[in-house]
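What follows is a set of notes on a single structure, which appears directly below.
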Amino acid sequence: MSKLSVDHLLGIKYLNLEDIKLIFETATHFKEVINRPIKKVPSLRDVTIANLFFENSTRTKLSFELAQKRLSADVINFSASSSSLKKGETLIDTVNNILSMKVDMVVMRHPSPGAAMFLSKHVDATIVNAGDGAHEHPTQALLDSYSIDQRLGSVEGKKVVIVGDILHSRVALSNIFALQKLGAEVRVCGPKTLMPKHIESLGIIVETDLRKALDWADVANVLRVQFERMNASYFPSNREYTMQYGITQKVLEDINKPLVIMHPGPINRGVEISSEVADSDQAIILDQVENGVAIRMAVLYLLAAKR
Ligand code: NCD
């Protein structure tokens, strides 16, 4: 069987096209498994995984945990609010203490960019990045591209626009890397104040006009405005943001062509996307969530095979 070229999943940046394709093939197998009456396989029966969440999460945490349980791994969970980090312990001390309990893999979400990479260099466990600050969120990008593949038959040649708060989004950066590796064309759309300074150096066209961006695209991946990461005012008001960049039924009627709508969640209903659109058949938001479990099973399974 083929193997991944990496020992950890730190970012999409470090994967090659074969890795991504292998993850997709494996996910398709697991998607079939989780739709059976008995949704469980014994593949990771000897593997112990710690989920370390130093930043809040609903979907990602539940999705990883479910993926681990479907693979029969032993799972321990730990979140920052209840930990000794509050007492001043360093990240490496915390993790080494957990590893002395014979943990094989660590799935970590952390507010600092590079935290997962740092950990992979200092502790003896397989590391999966579940989001490091505004840097990368590789499993989200994998499940997003996989969902496009499932809906449209391929990612190659598709035109994908990522709309919204690109500046604060790890989902945006990981999606850009994944989509480019898979041969999609990528643009970003949003207010100039929410664009990272050097985004064009990634070969990305920035479009500030939403209608033009949607007219061009096959897929719109709509991102949440990350109010909690903002330490300044990036646009005049929510109402103004919605008027210019909100995806509403009216906007979709105006462009008058099929467009697949995605959102990684959590949704700010009525801000970046209207409820009507989020709940419509055009939106594949809940397919993304379903595919997320299969993708995470694939990632954990393939990384465990490298140990
Ligand atoms: C994203 C995240 O945490 O980066 N959500 C997710 O993982 N499903 C995006 C967000 O918080 O808006």
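The values are calculated or read from the model by the stated rules, or taken from the named source; none is laboratory data. Owing to the predicted nature of the structure, the values given are computational and were not obtained by experimental measurement. Positions of Cβ are backbone-derived with ideal geometry, glycine not excepted, and every protein chain shown enters the neighbour counts. Each accessible area value is taken on the protein alone, full model and side chains, heavy atoms only, with ligands, DNA and RNA left out. Shrake-Rupley method; radii C 1.70, N 1.55, O 1.52, S 1.80 Å.
Out of all the residues in region 269-286, which are closer than 19 Å to D144 by Cα, outside any helix (DSSP H, G or I) and open to solvent by 10 Å² or more (accessible area, probe 1.4 Å)?
D279, S280, D281, Q282, A283
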Are any of the residues in region 255-268 part of a helix (DSSP H, G or I) and either within 16 Å of the ligand (Cβ to nearest atom) or surrounded by fewer than 18 Cβ atoms within 10 Å (Cβ to Cβ) (or both)? yes
Filter result for the condition that a residue is closer than 25 Å to V128 by Cα and open to solvent by 50 Å² or more (accessible area, probe 1.4 Å), over V289, V293: V289
Of the numbered conditions (1) touching a Ser or Thr at 6+ places or on another chain (Cβ under 7 Å); (2) assigned to a strand (DSSP E or B); (3) open to solvent by 10 Å² or more (accessible area, probe 1.4 Å); (4) more than 16 Å from the ligand (Cβ to nearest atom), I127 fails exactly one; give the number of that condition. (3)
Only one of (1) surrounded by 21 or more Cβ atoms within 10 Å (Cβ to Cβ); (2) in contact with a Ser or Thr (Cβ under 8 Å, 6 or more places away or on another chain); (3) on the phi < 0 side of the Ramachandran plot fails for T94. Which number is that? (1)
Which of (1) under 30 Å from T26 (Cα atoms); (2) assigned to a loop (DSSP other than H, G, I, E, B) does R187 not meet, given it meets every other one? (2)
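Going by the structure shown, is V225 touching a residue at least 60 places away in the same chain (Cβ under 8 Å), among the aliphatic types (A, V, I, L, M) and not in a helix (DSSP H, G or I)?
yes
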